[in-house]
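Since the structure comes first, as structure tokens, the remarks are kept for the end.
The values are calculated or read from the model by the stated rules, or taken from the named source; none is laboratory data. No experiment lies behind these values; they were computed from the predicted model shown. No Cβ is skipped: glycine too gets one built from the backbone with ideal geometry, and neighbour counts run over all protein chains shown. When the accessible area is computed, the model is the full protein with side chains, heavy atoms only, and any ligands, DNA or RNA have been set aside. Shrake-Rupley method; radii C 1.70, N 1.55, O 1.52, S 1.80 Å.
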Amino acid sequence: MTHILVATDAWHPQVNGVVRTLTMMAEAAKGFGVDVSFLTPQSFRTFAMPSYPDLRLALPSPWKIAELIDAAKPDSIHIATEGPIGLLVRRYCRKRGLPFTTSFHTRFPEYVSARSPIPESWVWRVLRAFHRPSQAVMAATPALAAELRMRGFRNVVLWSRGVDTSLFHPRDIDLCLPTPVFLSVGRVAVEKNLEAFLDLDLPGTKLVVGDGPARAALERKYPDAVFLGARHGEELAEIYAAADIFVFPSKTDTFGLVLLEALASGLPVAAFPVTGPRDVIGSAPVGVLNDDLHKACLDALHIPRETCIEFAAAHTWQASARVFVDHAQNVGSADADGDAVEFVAEDPHFAA
């Protein structure tokens, strides 16, 4: 059986698109004889990320990283995140001349600039340097892939996402809330732009599912909205099915798995016309993308739920996993020059 080792700084108990993507992909890959295992923060001491205590970063050591990879004996190595684990696995591969692939999940430049005075351009330079030796930089959408190429990233390829329609599907659920119910699901943090949704004057109920550092402040500021906190599995699927419209106010997501989960549940989407919603939905009649989010929400009420369900059925995790495996296995020899610890110096675009 082919064995792919995925190094990731994002892992359970975190609830986000990276963790869901990796776990669903690995499960689907088993169906065609590929074993995907993970090198995660669970093997190391961790500390709370500054300004985001719910997220914990690993404190790995080079010798422990090497020990774990040597014990795994993988056929291919994929680095999913640019954190401490990703950095040291990158270093391991570079020192040994081993090829590896990477993926671009998170728009860190926008996230960092929303929380600190660090310019986005600086973060892009670091990310470009990190991914430079990768044999394939996997991006979730055509628009993101094109942007990465424009920013100087090399070897960019597409790796789309899927949805579990056995879990997310229509069902008869009543939340006993005034209708229509406008639902938003995801991390409750500043970069998700939730206030653009919560500021809207909409009929019915504005419902937020998820947790994060901004939740307490938003609950105080918007007492008319309903905040349910984090929900998972069947409970989350029932909430999707009970809502009427899925509102996605984020302007920074690279994909947005919640979009497919909502569509599979029969919810039309209302969102801004940005990367993520624009690529997932495109011109399909399953959502309304408009710079006027209020108008998008109301116009989406006229979209048939059946159209959304049919659209989501074409996006499977099996297809997503096959693409991932093909990219991970289709690698050549690595350029072993340089050291990952000093990876910024490898990037000709980086300047102090």
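By the gyration tensor of its Cα atoms, with a ≥ b ≥ c the square roots of the eigenvalues, what is the shape of segment 2-61: rounded for a/c under 1.5, prolate for a/b over b/c, or oblate?
oblate
Translational diffusion coefficient of segment 105-235 at 25 °C, 0.890 mPa s, Stokes-Einstein with Kirkwood Rh over Cα pairs, in µm²/s as a whole number. Intermediate values should be presented prior to the final figure.
On the way: Rh = 17.8 Å.
After rounding, the answer is 138 µm²/s.
Could you tell me the calculated FRET efficiency between E219 and H12, based on Cβ-Cβ distance and R0 = 41 angstrom, to the nearest 0.05?
It comes to 0.95.
Non-local amide H neighbours of A7 (under 5 Å, H modeled in plane, Pro and chain starts lacking H): which ones?
L39, H78, I79, A80
Report the local net charge at L167: Lys and Arg +1, Asp and Glu -1, summed over other residues whose C-beta lies under 9 Å from its C-beta.
Combined, the nearby Lys, Arg, Asp and Glu give -3.
Tell me whether segment 169-212 comes out rounded, prolate or oblate; compute the Cα gyration tensor, take square roots of the eigenvalues as a ≥ b ≥ c, and use a/c under 1.5 as the rounded threshold.
Verdict is oblate for segment 169-212.
Mind scanning K221/K295; K192/K251; K30/K64 and naming the pairs with a C-alpha gap bigger than 18 Å?
Values: K221/K295 23 Å; K192/K251 7 Å; K30/K64 27 Å.
Pairs exceeding 18 Å: K221/K295; K30/K64.
Suppose we keep just the DSSP beta bridges with both residues in the chain; what percent of those would be antiparallel, to 5?
Values: 4 of 37 bridges.
The antiparallel proportion sits near 10 percent.
Taking the Cα centre of the chain as the origin, how large is its charge dipole in debye, to the nearest 20, when only Lys and Arg (+1) and Asp and Glu (-1) carry charge on their Cβ atoms?
980
For every other residue with a beta carbon closer than 10 angstrom to the beta carbon of S43, add +1 if it is Lys or Arg and -1 if Asp or Glu, then tell me the sum. Working shown, then result.
Values: positive: R45, K64; negative: E67.
Charge balance in the 10 Å sphere: +1.
From the square roots a ≥ b ≥ c of the eigenvalues of the alpha-carbon gyration tensor of segment 1-110, which class results: rounded (a/c under 1.5), prolate (a/b over b/c), or oblate?
Here segment 1-110 falls in the oblate category.
Check which residues have an amide H placed less than 5 Å from V163's amide H, if you skip close sequence neighbours.
Answer set, sorted by chain and number: T316, W317.
Can you show me the helix-derived [θ] at 222 nm for the chain, built from DSSP H runs with n ≥ 4 at -39,500 (n - 2.57) apiece and divided by the number of residues, rounded to the nearest 500.
-10500 deg cm²/dmol
Hey, rough spin-label estimate for A196 and E238, points 7 angstrom out along Cα→Cβ, what's it come to in nanometres?
It works out to 3.2 nm between the two label points.
Of the listed peptides 214-222, 268-276, what is their order by residue-averaged count of other C-beta atoms within 10 Å, with the highest listed first?
268-276, 214-222
Quick one: Karplus J couplings for segment 187-194, per residue in order, coefficients 6.51, -1.76, 1.60, θ = phi - 60°, nearest Hz, x for Gly and Pro?
5, 8, 9, 4, 6, 7, 6, 5
What is the dipole size for segment 189-341, taken about its Cα centre, with +1 at each Lys and Arg Cβ and -1 at each Asp and Glu Cβ, in debye to the nearest 20? Walk me through the intermediate numbers first.
Numbers: 11 positive and 23 negative charges, 60 e Å.
Dipole of segment 189-341, to the nearest 20 debye: 280 debye.
Mind listing the phi-derived Karplus ³J(HN,Hα) values for segment 292-297, rounded to whole Hz, using 6.51, -1.76 and 1.60 with θ = phi - 60°, and x for any glycine or proline?
8, 5, 4, 5, 4, 4
Roughly how many whole Å is it from the C-alpha centroid of segment 66-87 to that of segment 132-173?
Cα centroid of segment 66-87 versus Cα centroid of segment 132-173: 21 Å apart.
So if the hydrodynamic radius of the chain is defined as the Kirkwood radius over C-alpha pairs, what does Stokes-Einstein give as its diffusion coefficient at 25 °C and 0.890 mPa s, in µm² per second?
Numbers: Rh = 21.0 Å.
Here the translational diffusion coefficient equals 117 µm²/s.
Would you kindly state how much longer the chain becomes between T307 and S61 on full extension, computed as 0.36 nm times their sequence separation minus their alpha carbon distance, in nm to one decimal?
83.5 nm
With all protein chains present, how much of the accessible area of the chain (probe radius 1.4 Å) comes from carbon and sulfur, to the nearest whole percent? Mind dumping the intermediate values first?
Numbers: 8170 of 15130 Å².
Carbon plus sulfur share of accessible area: 54 percent.
Can you tell me the Rg and Dmax of segment 148-299, counting just the alpha carbons, in angstroms?
According to the Cα coordinates of segment 148-299, Rg and Dmax are 15.4, 51 Å.
What is the packing order of peptides 24-30, 226-232, taking the mean over residues of other C-beta atoms within 10 Å and listing the highest first?
Answer by packing, highest mean first, reads 24-30, 226-232.
Using a 1.4 angstrom probe, figure out how much accessible area the chain has per residue, in square angstrom, rounded to the nearest whole.
Computed with neighbouring chains in place, this is 43 Å² per residue.
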